[in-house]
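Taking it in order: structure first as structure tokens, then the write-up.
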Amino acid sequence: MKNIVILISGTGSNMAAIAQAAQREHWAERYGAQVAAVLSNKADAPGLALARELGIATDSLDHKAFASREAFDAALRQRIDTYDQPGAPVLVVLAGFMRILSAGFVNHYAGRLVNIHPSLLPAFAGLNTHQRAIDAGCKVAGATVHWVTPELDHGPILAQAVVPVLPGDTAQTLAARVLAQEHLMYPQVVRQIIQK
Ligand code: GAR
């Protein structure tokens, strides 16, 4: 079985979209793939309860309990690698995981670590993407799914979804429009990866 491990920090709506697609589309029977676990750096992330409701194993690892980024990443890696199998490398899916990962972590999962970012990369890497798109007068905005490389929000692009920026948009209204597209795009990209 190919194991997908999803990392979250908050709501987990993208995680749920992927897990629900996996169940609805019978990924286990069709592709030998399952969402094996959802891990969070925050024990109170609402997405963890959501994952449990979907019957998925959850765990949390508090980054504040570690002396350095590298120490946290090493512990996270150890946790993830319990789902790594010979001949079926774990796929790590970042879904609103709000931690910068060390180069050592990223390189360990090269080619099996994906992220979703709420902008049309390479525009607006980093935080506050929707407000920055509005402030820049952009007519379109969107989200990007990309392979993760050590440089933040810069890996090869797998897919993008585009939405209009409408007159009167706030960061919140634009974020909601983008998020609806994220929920369609991210499960499709993960399915394409595990089908290979
Ligand atoms: C999503 O919009 C995702 O693109 C974004 O956080 C949100 C998580 O929502 N990710 C980042 O900003 C990564 N830098 P969710 O927890 O409901 O999936």
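Length gained on full extension, Ala49 to Ala28, computed as 0.36 nm times the residue gap minus the Cα-Cα distance: 5.3 nm. Relative to the longest principal axis of the Cα atoms of the chain, the long axis of helix 69-81 makes an angle of roughly 60 degrees.
For Lys64, the aspartates and glutamates whose Cα falls under 20 Å of its own Cα, not counting residues fewer than eight places away in the same chain, are Asp44, Asp73. As a size descriptor, the averaged projected area of the C-alpha convex hull of segment 59-146 was calculated at 6.9 nm². If only the Cβ of Lys and Arg carry +1 and only the Cβ of Asp and Glu carry -1, the dipole of the chain around its Cα centre is close to 220 debye. Stretching the chain fully between Gln188 and Thr149 yields a gain of 11.9 nm (0.36 nm per residue, less the alpha carbon separation).
Please report the antiparallel percentage of the DSSP beta bridges confined to segment 1-134, to the nearest 5. Walk me through the numbers before you get to the answer.
Details: 1 of 19 bridges.
Beta bridges within segment 1-134, antiparallel portion: roughly 5 percent.
Within segment 153-196, the proportion of Cα pairs with more than 17 Å between them is 46 percent.
Given R0 = 41 Å, the distance between the Cβ atoms of Arg99 and Ala176 translates into a calculated FRET efficiency of 0.95.
Read the figures in this text as sums done on the coordinates, not as results from a lab. Everything quoted here is computed from the prediction, not taken from an experiment. Quick reminder, even Gly has a Cβ in these numbers, built from the backbone with ideal geometry, and neighbours come from all protein chains shown.
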